[in-house]
2 protein chains.
Amino acid sequence: MTIKELANQLNMSTTTVSRVLTGQEKKYRISEKTAQRVKDLAKAHQFAPNQIARNLRLQKTNTIGLIIPDISNPFFANLARTIEVALRKRDKMVLLCDTKDETTIEEESITLLLGRKVDGLLVAPVGEKWAHLEKTNNIPMVLIDRYFEHKEIPYITTDNYAGSYDATSFLISQGHHRIACIQGLVHTSANKNRIKGFQKALADHKVDTAQTFILGNDYSVENGYESAKSLLQAAEVPTAIFALNNQIAIGVMKAINEAGLHIPENISLLSFDEQPYFELLSPPLSSIKQPMEEIGIAAVETLFELLENKKVTSSRLKPTLIPRASVKSIVKS
Amino acid sequence: MTIKELANQLNMSTTTVSRVLTGQEKKYRISEKTAQRVKDLAKAHQFAPNQIARNLRLQKTNTIGLIIPDISNPFFANLARTIEVALRKRDKMVLLCDTKDETTIEEESITLLLGRKVDGLLVAPVGEKWAHLEKTNNIPMVLIDRYFEHKEIPYITTDNYAGSYDATSFLISQGHHRIACIQGLVHTSANKNRIKGFQKALADHKVDTAQTFILGNDYSVENGYESAKSLLQAAEVPTAIFALNNQIAIGVMKAINEAGLHIPENISLLSFDEQPYFELLSPPLSSIKQPMEEIGIAAVETLFELLENKKVTSSRLKPTLIPRASVKSIVKS
DNA sequence: TCTTATTGCGCAATCGATTGTTTAATAGTA
DNA sequence: TACTATTAAACAATCGATTGCGCAATAAGA
């Protein structure tokens with residue numbers, strides 16, 4: 001059913017039908033009677049306008065592109081949830097792209113989304129390249145979780161530096177000086193800032209960095225597993241491991257279990273990212289909790305400010321340390 | 001940049017430009033030289049055709065609507081991942097809708113997606129109503145995870161009945177006769193079949209059903225928590241709990257922990273849905289593992305068969321029992 | 001030289017909805 | 001009655017790409 005067919009049946013022009021159905025009857029002085037006839041027939045046929053045609057004409061799609069590295073990572077899944085709900089409230093729909101943390105797929109996704117004329121973009125970028133993020137015809141874009149320091153693209157992220165600094169300080173306060181940090185994707189701002197916070201805390205507390213390690217290379221369970229395995233085979237096993245996201249932490253736990261060791265007796269563990277099941281693990285896993293919901297909502301709000309041509313500010317939201325049994329104090333008393 | 005602007009610069013018609021850019025140069029005998037000029041200019045301007053206009057003209061959007069009850073549930077998040085990847089391979093994009101397991105939102109989502117002229121639908125329905133799923137203008141649709149028995153809409157799902165039957169039989173074989181089953185959304189086919197499997201296993205093993213309980217009403221952590229809490233306050237606490245999804249299981253564990261009880265000493269627990277961290281829980285959680293990846297891939301394949309007007313068949317894929325320490329044998333020897 | 005094929009490309013309609021500008025009809029005023 | 005306002009609704013262009021049909025121009029054949 002199209003507006004034209006309605007018009008034919010009603011024996012009037014598409015113009016009139018369109019104006020009634022878009023609520024512009026008053027503005028264009030359509031008579032009460034005519035308007036009612038249009039509405040009745042539209043309802044009878046359950047008419048819904050073709051959005052494609054509408055989008056073309058109005059040069060607006062009410063669609064936002066959401067680019068995410070890994071929707072199966074609960075951190076991003078929760079973020080996507082919050083974002084979808086927030087956007088729906090504002091009558092926008094979400095075109096979802098999962099980049100698998102591959103820059104090529106990210107570039108391709110940007111191209112596809114631009115071709116589809118999305119009104120805006122929410123991107124958690126891989127972080128290796130950014131040229132494609134600057135060639136987006138100036139459509140509103142907000143980065144999530146990760147950003148580019150030297151670029152002016154607005155972003156909403158956790159204060160990864162602070163979170164990591166707190167986490168590391170906590171480990172040190174518990175007597176840990178031989179700490180291994182298993183990182184995620186090296187180029188991401190999230191990772192870089194977590195590493196910075198880690199190193200700054202070590203420095204501030206005058207920890208001998210010859211005894212600390214940074215290893216790993218992506219945000220996967222496998223990376224946590226393999227990295228931990230190699231750590232456990234070293235001559236001097238660290239007393240604590242700081243896993244830079246929830247999936248890495250899971251991998252680390254598996255490796256430690258398989259090696260027949262115990263957390264926290266043999267080694268302590270702390271994860272960046274909190275998950276609902278962390279308190280149920282054996283042992284309950286200490287973590288840095290990111291304000292996921294706030295990030296999603298702030299990102300959507302910021303995007304809408306851009307859509308309304310307002311000035312926006314980026315923000316780094318504070319995470320919280322949740323100490324649990326997985327970190328043991330080894331302070332000699 | 002539009003095809004028209006290109007045509008103007010090249011001093012030729014949009015027709016020619018379009019034909020070259022859609023690779024129809026041969027078919028319409030565009031000269032080698034002309035074709036090259038078009039391609040060169042298009043590349044120079046990084047021209048990408050406006051998909052909205054294209055979609056309108058071709059009556060095809062290369063977009064699939066994905067309707068899911070809860071993207072933050074790792075089961076659906078993983079499914080979404082698989083589906084997104086499979087669709088991308090086939091040059092389709094995903095419009096994502098999260099219904100929060102609310103029928104109203106599901107109905108609204110269908111309407112929105114139809115208005116946007118998606119080429120097909122992948123739906124994990126709430127399950128309470130289906131009328132809106134039959135008024136979809138015959139666009140190809142495949143149900144995932146949940147379906148409607150008396151309807152002919154094709155579906156791909158786990159064999160929930162078999163999984164639940166196996167799980168229950170396993171519990172019984174371990175000596176459990178006072179079993180509580182905490183269910184999810186009552187109307188979903190997944191839930192109904194899991195309940196059926198549960199009851200059939202009880203019957204086949206001649207378990208006194210006066211001692212078994214079925215309670216709960218949705219797939220949330222809270223439901224698991226509250227249901228378990230009420231169970232633990234009963235005069236006769238069950239010896240085993242069967243949680244009908246991963247989130248319910250988490251809630252149950254929390255409640256048991258809070259009550260100061262222990263799994264499996266005081267009570268055994270088994271979950272429908274496997275998650276990577278289950279083996280790391282305290283104690284490692286027994287589960288029924290659903291073939292998530294297979295479901296996603298099969299759903300996309302089936303959808304494409306529909307798009308190609310082929311006949312399709314629904315399927316129920318077999319899950320696997322993974323016994324772990326959370327279930328204790330209480331067989332008297 | 002004249003007719004017929006073939007080559008190369010453009011005209012104009014189309015997809016469905018929106019909207020600035022007109023037009024026709026009716027009402028109101030002098 | 002003649003003329004201006006006002007009311008009600010239609011015309012036609014537009015968004016950008018695609019495509020059936022047609023028309024020159026050139027080449028080939030008689």
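The values are calculated or read from the model by the stated rules, or taken from the named source; none is laboratory data. Please read these numbers as outputs of a predicted model, since none were measured by experiment. We place every Cβ from the backbone using ideal geometry, glycine too, and count neighbours over all the protein chains shown. Keep in mind that these areas ignore ligands, DNA and RNA; they rest on the heavy atoms of the full protein, side chains included. Shrake-Rupley method; radii C 1.70, N 1.55, O 1.52, S 1.80 Å.
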- prompt: Remind me, relative contact order of chain A in percent, using alpha carbon pairs under 8 angstrom and six or more residues apart?
  reply: 16
message: Label position 7 Å from Cα toward Cβ: report the copy-to-copy distances for A:Asp204 in nm, one decimal, ordered from shortest.
response: 6.1
- prompt: Which value in nm describes the separation of the simple spin-label points at B:His187 and A:Glu236, placed 7 Å from the Cα toward the beta carbon?
  reply: 6.4
- prompt: Relative contact order for region B:3-49: what is it in percent, counting Cα pairs under 8 Å that are at least 6 residues apart?
  reply: 36
task: Estimate for me the total accessible surface buried between chains B and A (protein heavy atoms, probe 1.4 Å, no ligands or nucleic acids), in Å² to the nearest 100.
output: 4400
- line: A student applying the Cα gyration tensor rule (rounded when a/c is under 1.5; otherwise prolate if a/b is larger than b/c, oblate if not) would label region B:215-288 oblate
Chain B: angle of helix B:74-89 to the longest principal axis, Cα-based, in degrees nearest 10: 20
query: Where does region A:3-49 land on the Kirkwood hydrodynamic radius, alpha-carbon pairs, in angstrom?
result: 10.2
- prompt: Once you sort the root eigenvalues of the Cα gyration tensor of region A:136-204 as a ≥ b ≥ c, which label holds: rounded (a/c under 1.5), prolate (a/b larger than b/c) or oblate (the other case)?
  reply: prolate
- request: Using only the Cα atoms of region B:1-138, build the gyration tensor, take square roots of its eigenvalues as a ≥ b ≥ c, and label the shape rounded, prolate or oblate: rounded if a/c is under 1.5, else prolate if a/b is larger than b/c, else oblate.
  value: prolate
query: What pairs from A:Lys92/B:Lys151; A:Lys100/B:Lys92; B:Lys4/B:Lys43; B:Lys117/B:Lys151 go past 20 Å between their alpha carbons?
result: A:Lys92/B:Lys151; B:Lys117/B:Lys151
query: Counting only Cα, what are the radius of gyration and maximum Cα-Cα distance Dmax of region A:224-333, in Å?
result: 18.1, 60
- prompt: Between B:His262 and B:Lys229, what length in nm is gained on full extension when 0.36 nm per residue of separation is reduced by their alpha carbon distance?
  reply: 10.5 nm
- line: Inter-copy distances for A:Gln46, label 7 Å out on the Cα-Cβ vector, sorted ascending, nm, one decimal, are 4.3
- line: Taking a crude spin-label model, label points 7 Å out from Cα along the C-beta direction, the A:Met12 to A:Lys129 distance in nm is 5.4
Principal axis dimensions, region B:160-290 - Cα atoms, whole angstrom, descending: 34, 30, 25
query: Three principal axis extents, largest first, for the C-alpha atoms of region A:98-226, in Å?
result: 55, 30, 18
- line: With only helices counted (DSSP H, runs n ≥ 4, each -39500 (n - 2.57)), the per-residue ellipticity at 222 nm for chain B, to the nearest 500, works out to -13000 deg cm²/dmol
statement: Accessible-area order for B:Lys151, A:Lys229, A:Lys26, largest to smallest, probe 1.4 angstrom, reads A:Lys26, A:Lys229, B:Lys151
- request: Using a 1.4 Å probe over the heavy atoms of the protein chains, calculate the carbon and sulfur portion of the accessible area of the protein assembly as shown as a whole percent.
  value: 49
- prompt: Copy-to-copy spacing for B:Ala259, label 7 Å out on the Cα-to-C-beta vector, in nm, shortest first?
  reply: 3.8
statement: Descending accessible area (1.4 Å probe), largest on the left, turns B:Ser271, B:Ser13 into B:Ser13, B:Ser271
field: Average Cα contact separation per residue, region A:134-181, under 8 Å, 6 or more apart, as relative contact order %
entry: 23
message: Principal axis extents for the protein assembly as shown, Cα atoms only, whole Å, descending order, please.
response: 84, 66, 51
query: When averaged across all projection directions, what area in nm² does the alpha-carbon convex hull of chain B cover?
result: 21.1
- prompt: How far is helix B:103-115 tilted off the main Cα axis of chain B, in degrees rounded to 10, range 0 to 90?
  reply: 10
Shape parameters for region B:42-97, alpha-carbon atoms, Rg then Dmax in Å: 14.9, 45
message: So if I take the centroid of the Cα atoms in region A:1-28 and the same for region B:181-236, what is the distance between those two points in Å?
response: 54
message: So the label point goes 7 Å from the Cα of A:Glu301 along Cα→C-beta, right? Which residues of region A:137-161 then have their backbone N under 17 Å from it?
response: A:142-145, A:154-159
- prompt: In whole Å, how far is the Cα centre of region A:243-276 from that of region A:134-161?
  reply: 31
